[in-house]
Each structure stands twice: as C-alpha cells, then as structure tokens.
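Participant: One structure is given below, represented as structure tokens, and several questions about it will come after.
The values are calculated or read from the model by the stated rules, or taken from the named source; none is laboratory data. Small disclaimer: the values here were computed from a predicted structure and weren't measured. So basically every Cβ, Gly included, is an ideal-geometry build from the backbone, and we count neighbours across all protein chains shown. We work out accessible area using only protein heavy atoms, side chains counted, and drop any ligands, DNA or RNA first. Shrake-Rupley method; radii C 1.70, N 1.55, O 1.52, S 1.80 Å.
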Amino acid sequence: MAAAGDGPWLDEAAGRLVRPFTVSNGRTEPSIALDLMSQVMSTGVTPLGYLGPEHAQALDLCRAPVSVAEVAAQLKLPAVVTKVLLSDLVDCGALTTKPPAFHHTPTDRSLLEAVLDGLRRQL
C-alpha cells in the first residue's frame, strides 16, 4: 500500500511510477567516490536551492551515521542512484562522509571471519 505522502510517485498495484534514474536526472556518476560501506551523516547545514524529495528523504535518514548501502535500501533505489543523491548533498555541505574502516584492506581476514561467524550463528 502506498504511503500517504507518496502521491503519484507510487501506485499500489504497479509500485514506483518514476524510473530510478529520473531521480538523479539520468546521472550515473557521483561527484565524489563513495563506497557502499562509506558512512554518511548530516552536518546540520540546510541545502540551498531545490533538491528533490529523495534528497530530503536521504538527508532525513542520515541524522545519525549510516552506510551508503543502508540509505539505498531504505530509499529502495539502486546504489548508483543513491550515490549520486548523496554526492549532491555532500557537494552542498549538507552531508559529511567517512570511508569504511577497512578501506585499505577490504579483504582483511579478521573481517571475513567475523562475517562468516555471524552467518553461521544465523543458520
């Protein structure tokens, strides 16, 4: 069921009526490098000029540090579109970013073992 404020953007039977890349004006390259595990957080600065409703939703989700992947999941948008939206917000000073802790060693053995242990506990 569509949420009250979604208006013409969502249809109960059809789902999202606006294609995801329309949200980013067809852009597929963010202006800054963002990893899916990068942390983003609101700076408290109000963006000047018009940003779309998805920008406002993303900014609202970033009141506390959150990963780019989590923002994409909450917005129900592809990661590349979410990265473009978040980079817009970084460019206007509304968001700050922090690279993931394992930025230099993405295949760190201890990280992979922790993930494996977590998965085993879930089974």
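Participant: Six or more apart or on different chains, Cβ atoms under 9 Å: show the pairs whose first residue is in the range 95-118 and within 23 Å of S31 (Cβ to Cβ) and whose second is surrounded by 11 or more Cβ atoms within 10 Å (Cβ to Cβ) and modelled with pLDDT under 75.
Facilitator: Partner pairs satisfying both residue conditions: P100/P106.
Participant: Right, T82: touching a residue at least 12 places away in the same chain (Cβ under 8 Å), among the polar types (S, T, N, Q) and part of a strand (DSSP E or B) or not? Lay out the reasoning, then the answer.
Facilitator: Numbers: touching a residue at least 12 places away in the same chain (Cβ under 8 Å): yes; among the polar types (S, T, N, Q): yes; part of a strand (DSSP E or B): no.
The answer is no for T82.
Participant: Does the range 30-53 hold any residues that are over 13 Å from K83 (Cβ atoms) and of a type outside the set (V, I, T), and which are they? Explain how you work it out, then say what you get.
Facilitator: We begin by selecting, within the range 30-53, every residue over 13 Å from K83 (Cβ atoms); these are 39, 41-53.
Matches in the range 30-53: Q39, M41, S42, G44, P47, L48, G49, Y50, L51, G52, P53.
Participant: Given (1) open to solvent by less than 20 Å² (accessible area, probe 1.4 Å); (2) touching a Leu at 6+ places or on another chain (Cβ under 8 Å), identify the lone condition not met by S38.
Facilitator: Going through (1) open to solvent by less than 20 Å² (accessible area, probe 1.4 Å); (2) touching a Leu at 6+ places or on another chain (Cβ under 8 Å) one by one, S38 breaks only (2).
Participant: When residues of the range 62-86 are filtered for being in contact with an Asp or Glu (Cβ under 9 Å, 6 or more places away or on another chain) and either more than 18 Å from P99 (Cα to Cα) or aromatic (F, W, Y) (or both), how many remain?
Facilitator: Total meeting the criteria: 3.
Participant: So in the range 50-71, with the set limited to residues that are in contact (Cβ under 8 Å) with a residue 24 or more places away in the chain and out of contact with any strand residue (DSSP E or B) (no Cβ under 9 Å at 6 or more places or on another chain), which one is surrounded by the most Cβ atoms within 10 Å (Cβ to Cβ)? Don't jump to the end; show me each part of the working.
Facilitator: So in the range 50-71, the residues in contact (Cβ under 8 Å) with a residue 24 or more places away in the chain come out as 51-55, 58-59, 62, 65-69, 71.
With out of contact with any strand residue (DSSP E or B) (no Cβ under 9 Å at 6 or more places or on another chain) added as a condition, the list becomes 51-55, 69.
Values: L51: 16, G52: 15, P53: 12, E54: 22, H55: 20, A69: 14.
Selected residue: E54.
Participant: Which is surrounded by 15 or more Cβ atoms within 10 Å (Cβ to Cβ) and at pLDDT below 80, of P100, P106, P47, P78? It would help to see each step written out before you state the result.
Facilitator: Values: P106 fails: surrounded by 15 or more Cβ atoms within 10 Å (Cβ to Cβ); P47 fails: at pLDDT below 80; P78 fails: at pLDDT below 80.
Criteria check complete, one pass: P100.
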